[in-house]
Amino acid sequence: MSDALVQVSDVHKVYTRGAERVDVLKGLELEVGRGEFLALMGPSGSGKTTLLNLIGGLDKPTSGRVAVAGRDLTRASPRELAHWRARHVGFVFQFYNLLPVLTAARNIELPLLLTGLSRAERQKHVAAALELVGLADRAGHYPMQLSGGQEQRVGIARAIVNDPTLLLCDEPTGDLDRQTAGEILDLIAELNRRYEKTVIMVTHDPLAAERARRVLHMDKGMLVEAQAA
Amino acid sequence: MKYLPLLWRNLMRRKIRTTFTFLSITVAFFLFGLLMAIRTGFGVGIELAGQRRLLTVHKMSMIQPLPFRYLAQIQGTPGVRFVTHMTWFGGVYQDPKNFFANMAVDPEGILRIYPEFVVDGDDRERWVNTRTGALIGRKLAARFGWKLGDRIPIQPTFFRPKDGKPDTFEFEVVGIYRGATPDIDETQLFFHYKYLMERTGDPGTVGWYAVEVEDPARADEVAHAIDRQFANSPAETKTATEKAFMQSFANQIGDTGAILTAIAAIVFFVILLIAGNTMAQAVRERTSELGVLKTVGFTDLTVMALVLGEAVLLACSAGVVGLALVTLAVPALAKAVETFLPIFYVPGRSLALGLGLAVLLGLASGGVPAYLAQRLSIVEALRKR
C-alpha cells in the first residue's frame, strides 16, 4: 500500500451543460506524498481546478477514487466531507474570498467556530496565525482596508488556523503584482518547508511553479508531463 | 451565540435595506398590538361573562321594561341562587359627548351578583346607605376628576322627574370601585333604583334582571324555566347566559374578532413578502460567501441555520421593538378611546402570541432562501463573484 497522502485513481469527471457533455478529467492518476509541494500547471479548461476541488472534497468524481490519508472521499457524505475539510484541509483562493463584513481576525476565526474551542482559545489561535503571516497589527481591519497582498495573507491565515495537513491553493498569486506574489509564494513555501504542510498549488505562472518541488502539467483532463523541480 | 456577530454583521451589510425592512416589521407588530387591544375591548366582556349569570330581558327588545314583580317569581325558580335588577338610565354629564354607562340598581344586589367590582369597606357601607349616592368606576373618576364626596349633576335623556324640580339628577360620589382584574370595565356609574323611582314616579318596571344560577351546567334549563313562567303574558321574557347576550350584542356590529384577525393576517402576509424578499436578495448577493463557508467546513445544515437565524434575528428584534412600542402607546391611547372601548389594553397572551409570530415570520421569510443556501453547490457558488 502506498504511503502517499493523496491518491487519485482513474478519476473521471463529466459535466453536462444541456445536451452537451464535457469530459473535464479523463482517467486521471496522481499520487502526492506527505510534505510535498506540488504545482499543477496547464491552460484554462485543462481540469486543474476541478482536480483541486476533488482532492479538497468540494466535489465528487463521476467515477474513480480520491483518497486523502487513506480516507476515500468518494464514499463520504456531504456532512462527513464538511467535517473532514474543517479538520484536514486549508483552501487559498485567487480572489482571497474573504467575507467583507468581517474583520481580518473574524475571517480567520471562521473555521474555528466549527470546533469546540472557547472564545479565548480561538482568539489565541487567530493571533498566532496573524503573527505567522505578518499581519498581527491588522487584526481589526476589514478586507476593503487591506491591500491585495494583505488580503491574501489573511486568506492564508484562515487556511492554516486549524493546522490542516493539506493546503490547496488555487492561483494564489493570480491577482497580485510580481513583488507581492513573490512574498505570498515565500510564505506558502515556508509553510511547506518549516511547518511540513503538504501543498498542492494550481497556477498559470511558471515563476510561481518554480517554488514547488514538483510540477505537473495538465491538458484536456489528463496529466501530460511531469518533471521534478 | 458564537455565530451572533456573523449574523449581525450580515444584517448590517445593507443598512438602508435592513432598516426599511426592520421598520416595516416593527410597524406590523405595532399594528398587531393595537388590533389585539381593540379585539380585547370588544371581546373581553364575552370571555369574562361565562355561564354563571343569566340575563332576563323583554322578549321583544332589551329596551322594553319588565315588571318589577317578576323579581320574586324569578327568585323562586328552581336553580336560581340570586336575582337582582338593573335599569338603563342613559344620562350624560354636561355634554352629550360625555357618554358613559349609568344604571339604576339595587345597591346590595349589584355588589353580590358582580363580585368582580371591588369596593372597599367604607365605600361599600356609604354606597348601600346613601340614597342619592353613586358608585363609580376608577377610570370614570379619573376621566372627569371626580372624587369621593363630589356632587355630580347628570342630565337624563329619557327619564323625566315628576316633581318639577330642575331636569337634573344630582348624585354624591360615595364609592369608587375597581376591577378585580384588568379586564373589568371601570367606566360605569351605578345609583339607587329607589332614588330613580322617587324622582320619576314608580311605574313598577325595571330594565332587566341579572340572575345567578346554582349550577352553571343547568343554566339553559333554568333559563327555559324562567321564560316559561312569563309565557303568554303581556311582557314575555327572553333569558340566556350573559355570555350569549354579549356575543349577540357583539355580532350586531359584525364578527369583530374575525375582522381583526383577517386584518392582522393581511398585514403579516405583506410583511412576509417584504422580509422574504430582503432575505432572498441577501442570500443571492453572497452566494460565493456561502460557498466559502461550506469550503472551510460549514455543513449544509449549519449554513441553512445561519440564513434562518439571520431572518429570525431580524424579525424578532423588530417584533420586540414593535410590541414594546405598542405596550407603551396603548395606555395613552386608552384614554382617547375609553368612551367606546372602556377596556383597551394588550393582554400578556397577545404579547406572547406576537413573539411567537415574530419567530414564525422569521422562519417563513428565511425558509426558502435558507433551503436554497443549504442546497447550494460549493463549486457553483465559488464561481460566482
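Among the residues of region B:219-232, how many are open to solvent by 60 Å² or more (accessible area, probe 1.4 Å) and either hydrophobic (A, V, I, L, M, F, W, C) or at pLDDT below 90 (or both)?
Of the residues in region B:219-232, 1 are open to solvent by 60 Å² or more (accessible area, probe 1.4 Å) and either hydrophobic (A, V, I, L, M, F, W, C) or at pLDDT below 90 (or both).
Take residue B:281 and tell me if it is closer than 30 Å to residue B:113 by Cβ and not charged (D, E, K, R).
Against the criterion (closer than 30 Å to residue B:113 by Cβ and not charged (D, E, K, R)), residue B:281 does not qualify.
What number goes with the only condition from (1) in contact with a Leu (Cβ under 7 Å, 6 or more places away or on another chain); (2) of a type in the set (D, E, K, R); (3) under 30 Å from residue B:369 (Cα atoms) that residue B:242 does not pass?
Among (1) in contact with a Leu (Cβ under 7 Å, 6 or more places away or on another chain); (2) of a type in the set (D, E, K, R); (3) under 30 Å from residue B:369 (Cα atoms), the lone unmet condition for residue B:242 is (3).
On the given criteria, is residue B:373 more than 21 Å from the chain's Cα centre (by Cα) and either surrounded by 17 or more Cβ atoms within 10 Å (Cβ to Cβ) or among the hydroxyl-bearing types (Ser, Thr, Tyr) (or both)?
Details: more than 21 Å from the chain's Cα centre (by Cα): yes; either surrounded by 17 or more Cβ atoms within 10 Å (Cβ to Cβ) or among the hydroxyl-bearing types (Ser, Thr, Tyr) (or both): yes.
Yes; evaluated as a whole, the condition is true for this residue.
Would you list the strands (runs of 3 or more DSSP E) that sit entirely within region B:100-182 and hold 3 or more residues that are among the aliphatic types (A, V, I, L, M), assigned by TED's automatic domain parsing to the domain that holds residue B:213 and within 30 Å of residue B:52 (Cβ to Cβ)?
By residue number, B:102-105, B:133-137, B:169-179.
For region A:67-98, which positions are of a type in the set (D, E, K, R) and either closer than 21 Å to residue B:384 by Cβ or touching a Phe, Trp or Tyr at 6+ places or on another chain (Cβ under 6 Å) (or both)?
Listed by number, the list holds a single entry, A:85.
When you go through B:200, B:157, B:168 one by one, which is the residue that is among the polar types (S, T, N, Q), open to solvent by 40 Å² or more (accessible area, probe 1.4 Å) and free of Cβ contacts under 8 Å to residues at least 60 places away in the same chain?
B:168
Of the residues that make up region A:134-145, is at least one buried (at least 18 other Cβ atoms within 10 Å of the Cβ) and in contact with a Phe, Trp or Tyr (Cβ under 9 Å, 6 or more places away or on another chain)?
Yes: region A:134-145 contains one or more residues that are buried (at least 18 other Cβ atoms within 10 Å of the Cβ) and in contact with a Phe, Trp or Tyr (Cβ under 9 Å, 6 or more places away or on another chain).
For region B:63-71, check the following and say yes or no: at least one residue is assigned to a helix (DSSP H, G or I), of a type outside the set (Gly, Ala, Ser) and at pLDDT 90 or above.
yes
Looking at the structure I just gave you, is residue B:335 surrounded by 15 or more Cβ atoms within 10 Å (Cβ to Cβ), assigned by TED's automatic domain parsing to the domain that holds residue B:362, assigned to a helix (DSSP H, G or I) and basic (Lys, Arg)?
Against the criterion (surrounded by 15 or more Cβ atoms within 10 Å (Cβ to Cβ), assigned by TED's automatic domain parsing to the domain that holds residue B:362, assigned to a helix (DSSP H, G or I) and basic (Lys, Arg)), residue B:335 does not qualify.
Here is a check on your reading of the model: is residue A:175 open to solvent by 40 Å² or more (accessible area, probe 1.4 Å) and either more than 12 Å from residue A:108 (Cα to Cα) or among the aromatic types (Phe, Trp, Tyr) (or both)?
Working: open to solvent by 40 Å² or more (accessible area, probe 1.4 Å): yes; either more than 12 Å from residue A:108 (Cα to Cα) or among the aromatic types (Phe, Trp, Tyr) (or both): yes.
Answer is yes for this residue.
When only residues in region A:82-97 that are part of a loop (DSSP other than H, G, I, E, B) and within 8 Å of chain B (Cβ to nearest Cβ) count, which is modelled with the lowest pLDDT?
Quick first cut of region A:82-97, residues part of a loop (DSSP other than H, G, I, E, B) only: A:93-97.
Among the residues that remain, those that are also within 8 Å of chain B (Cβ to nearest Cβ) are: A:93, A:95, A:97.
On the way: A:93: 93, A:95: 90, A:97: 93.
Among those that are part of a loop (DSSP other than H, G, I, E, B) and within 8 Å of chain B (Cβ to nearest Cβ), it is A:95.
Can you tell me how many residues in region A:1-22 are closer than 18 Å to residue A:59 by Cβ and either free of Cβ contacts under 8 Å to residues at least 60 places away in the same chain or loosely packed, with under 15 Cβ neighbours inside 10 Å (or both)?
Narrowing region A:1-22 to residues closer than 18 Å to residue A:59 by Cβ: A:6-17, A:21-22.
Right, trim to either free of Cβ contacts under 8 Å to residues at least 60 places away in the same chain or loosely packed, with under 15 Cβ neighbours inside 10 Å (or both) and you get A:8-12, A:14-17, A:21-22.
Count: 11.
Quick one: how many residues across region A:73-125 are at positive phi and among the hydroxyl-bearing types (Ser, Thr, Tyr)?
Total satisfying the criteria: 1.
Kindly indicate whether residue B:103 is over 16 Å from residue B:173 (Cα atoms) and either open to solvent by less than 20 Å² (accessible area, probe 1.4 Å) or aliphatic (A, V, I, L, M) (or both).
Considered against the rule, which asks whether it is over 16 Å from residue B:173 (Cα atoms) and either open to solvent by less than 20 Å² (accessible area, probe 1.4 Å) or aliphatic (A, V, I, L, M) (or both), residue B:103 comes out as no.
Return yes when residue B:235 is surrounded by 17 or more Cβ atoms within 10 Å (Cβ to Cβ) and not hydroxyl-bearing (Ser, Thr, Tyr) and no when it is not.
No; evaluated as a whole, the condition is false for this residue.
Say we look at region A:56-81 and pick out the residues that are free of Cβ contacts under 8 Å to residues at least 24 places away in the same chain and within 11 Å of chain B (Cβ to nearest Cβ); which of these is nearest to the chain's Cα centre (by Cα)?
That would be A:60.
Take the residues in region A:59-77 that are in a loop (DSSP other than H, G, I, E, B) and among the hydrophobic types (A, V, I, L, M, F, W, C), then tell me which one is most open to solvent (accessible area, probe 1.4 Å).
A:69
Please enumerate the residues belonging to region A:37-48 that are buried (at least 22 other Cβ atoms within 10 Å of the Cβ) and within 14 Å of another protein chain (Cβ to nearest Cβ).
Residues satisfying the conditions are A:47, A:48.
Working carefully through the options B:364, B:332, B:352, find the one that is out of contact with any Ser or Thr (no Cβ under 6 Å at 6 or more places or on another chain) and within 30 Å of residue B:97 (Cβ to Cβ).
Residue meeting the stated conditions: B:332.
Are there any helices (runs of 4 or more DSSP H) wholly within region A:120-229 with 3 or more residues that are of a type in the set (Asp, Glu) and modelled with pLDDT of 95 or more, and if so which?
Hits in region A:120-229: none.
The values are calculated or read from the model by the stated rules, or taken from the named source; none is laboratory data. Just so it is clear, the model here is predicted, and its values are computed rather than measured. Ideal geometry is used to build each Cβ from the backbone, glycine not excepted, and the neighbour counts take in all protein chains shown. Just the protein is used for accessible areas: all its heavy atoms, side chains included, with ligands, DNA and RNA removed. Shrake-Rupley method; radii C 1.70, N 1.55, O 1.52, S 1.80 Å.
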